[in-house]
Amino acid sequence: MPKHGQAAVVVENLVVRRGRLEVLHGLSCELPPGQVTGLLGPSGGGKTTLMRSIVGVQRVVSGRVTVLGEPAGSRDLRHRLGYVTQAPSIYGDATVLQNVSYFAQLAGASRARVAEVISQVGLDSHASALATRLSGGQASRASLACALVGDPELLVLDEPTVGLDPLLREDLWRLFHELSDAGHTLLVSSHVMDEARRCDRLLLLREGRLVADATPGELAERTGTDDLEQAFLRLIRAEEVA
Ligand SMILES: Nc1ncnc2c1ncn2[C@@H]1O[C@H](COP(=O)(O)OP(=O)(O)OP(=O)(O)O)[C@@H](O)[C@H]1O
Ligand SMILES: [Mg+2]
């Protein structure tokens, strides 16, 4: 675990309310740089809310979120961070190429880079397709290409593999690890425990609290099972008994 100052993201005692509901109850965690951290846990547990807090689009009640050494939401972070929302956010009346080119212009990226990221997400054959004509999985990959094009240091990806077949999921996870090997930091949320083992570290979030912050190996050791789905259930049950 990196020392405090070295983490890509530091979350301290974060409290967030959405509507009348307190969603995160004093959450603290760190994201090590150059790793893929998985954010897992049941629906409604606060994964998207934590991601929004890191990206700087979520109003927080108290606590502190520091991203790449700056307070979350700082202007300076705009080009250093890429965020793919849970629902794909691309322009429907534009093609994949036009969408990615638009984000490339904002980020000052080249046309060659546009072609490169479209290829990385496996959308070469759909570059000239209108976004409204894309399948769910294609639209989410187009969104990912838009986030990647500026080569951001930190990528926050909210359920990027939903709706993808196993082959495409495999390709995307390979891409995530290529990015982390190149020094990028990734935070990837998922419902699918099967994806947890592909992460360097795991944050298990349930009802706004961290149930675990560990490597898949540590989690297996602590719970006595290699099956991460079982491990997660055991952690929750242990918490309920305590
Ligand atoms: N716009 C909103 N207004 C009020 N409450 C909200 C809003 N968005 C989310 N919530 C509530 O905040 C809590 C956490 O939601 P969040 O979207 O962070 O969960 P999640 O872990 O991302 O879930 P999922 O796996 O379904 O995406 C839930 O109880 C949800 O009902
Ligand atoms: Mg969510």
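Write down the accessible area per residue of region 89-151 in Å², having rolled a 1.4 Å probe over the full set of protein chains. Each step should come with its number before you reach the end.
Numbers: 3070 Å² over 63 residues.
Each residue of region 89-151 exposes 49 Å² on average to a 1.4 Å probe.
If each residue of separation counts as 0.36 nm, what is the full-extension length gain between Val241 and Leu168 once their alpha-carbon separation is subtracted?
Values: separation 73, 0.36 × 73 = 26.28 nm, distance 3.97 nm.
Contour length minus Cα-Cα distance gives 22.3 nm.
With all distinct Cα pairs included, what does the Kirkwood hydrodynamic radius of the chain come out to in Å, to one decimal, could you say?
18.4
Rank-order 127-133, 41-47 by packing density, defined as the average count of other C-beta atoms within 10 Å over each peptide's residues, highest first. Before the final figure, lay out the partial values.
Details: 127-133: 14.3, 41-47: 18.9.
Highest to lowest by the protection proxy: 41-47, 127-133.
How much of the pair distance distribution for region 24-119 lies past 20 Å, counting alpha-carbon pairs only, in percent?
50
Could you tally the net charge around Val84, taking each other residue with its Cβ under 11 Å from the Cβ of Val84, Lys/Arg +1 and Asp/Glu -1? Working shown, then result.
Numbers: positive: Arg141; negative: Asp158, Glu159.
That sum, taken over residues with Cβ under 11 Å, equals -1.
If R0 is 45 Å, what FRET efficiency do you get for Gln6 and Tyr91 from their C-beta distance, rounded to 0.05?
E between Gln6 and Tyr91, to the nearest 0.05, is 0.75.
If each of His79 and Ala112 carries a label point 7 Å out from its Cα toward its Cβ, how far apart are those two points in nm?
1.9
What does the helix-only formula give at 222 nm for the chain: each DSSP H stretch with n ≥ 4 adding -39500 (n - 2.57), the total divided by the residues, and the result rounded to the nearest 500 deg cm²/dmol?
Details: 7 runs with 82 residues, N = 242.
Mean residue ellipticity at 222 nm (helix-derived): -10500 deg cm²/dmol.
Any idea which of Leu77, Ser28, Leu134 is furthest toward the positive side of the dipole for the chain, if Lys and Arg beta-carbons carry +1 and Asp and Glu beta-carbons -1?
Farthest towards the positive end: Leu77.
Can you give the local net charge around Lys47? Use residues other than it whose beta-carbon is closer than 11 angstrom to its beta-carbon, Lys and Arg +1, Asp and Glu -1.
In short, 0.
Over region 89-151, what number does the Rg to Rh ratio reach, with both radii from the alpha-carbon atoms and Rh per Kirkwood?
Computed over Cα atoms, the ratio is 0.91.
Estimate the FRET efficiency between Val57 and Glu207 by the formula 1/(1 + (r/R0)^6), using the beta-carbon distance for r and 22 Å for R0, to the nearest 0.05.
Working: r = 22 Å, r/R0 = 1.01.
In this case the efficiency is close to 0.50.
Whenever you get a sec, compute what percent of the accessible area on the chain sits on carbon and sulfur atoms (1.4 Å probe).
Working: 5660 of 11740 Å².
Roughly 48 percent of what the probe reaches on the chain is carbon or sulfur.
Subtracting the Cα-Cα distance from 0.36 nm times the residue separation, let me have the gained length for Ala129 to Glu70 in nm, one decimal. All intermediate terms of the calculation are to be shown ahead of the outcome.
Details: separation 59, 0.36 × 59 = 21.24 nm, distance 3.80 nm.
Stretched fully, the Ala129-Glu70 segment lengthens by 17.4 nm.
Give me the distance between the Cα centres of region 60-92 and region 194-212, rounded to whole Å.
Rounded to whole Å, the Cα centres lie 20 Å apart.
Quick one: which residues, 5+ away or cross-chain, put their amide H under 5 Å from the amide H of Gly82? H built at 1.01 Å from N.
Result for Gly82 returns Leu154, Leu155, Val156.
The values are calculated or read from the model by the stated rules, or taken from the named source; none is laboratory data. Everything quoted here is computed from the prediction, not taken from an experiment. Methodologically, a virtual Cβ is constructed for each residue, glycine included, from the backbone with ideal geometry; neighbour enumeration extends over all protein chains shown. Quick note on the areas: whole protein, heavy atoms, side chains included, nothing else; ligands and nucleic acids left out. Shrake-Rupley method; radii C 1.70, N 1.55, O 1.52, S 1.80 Å.
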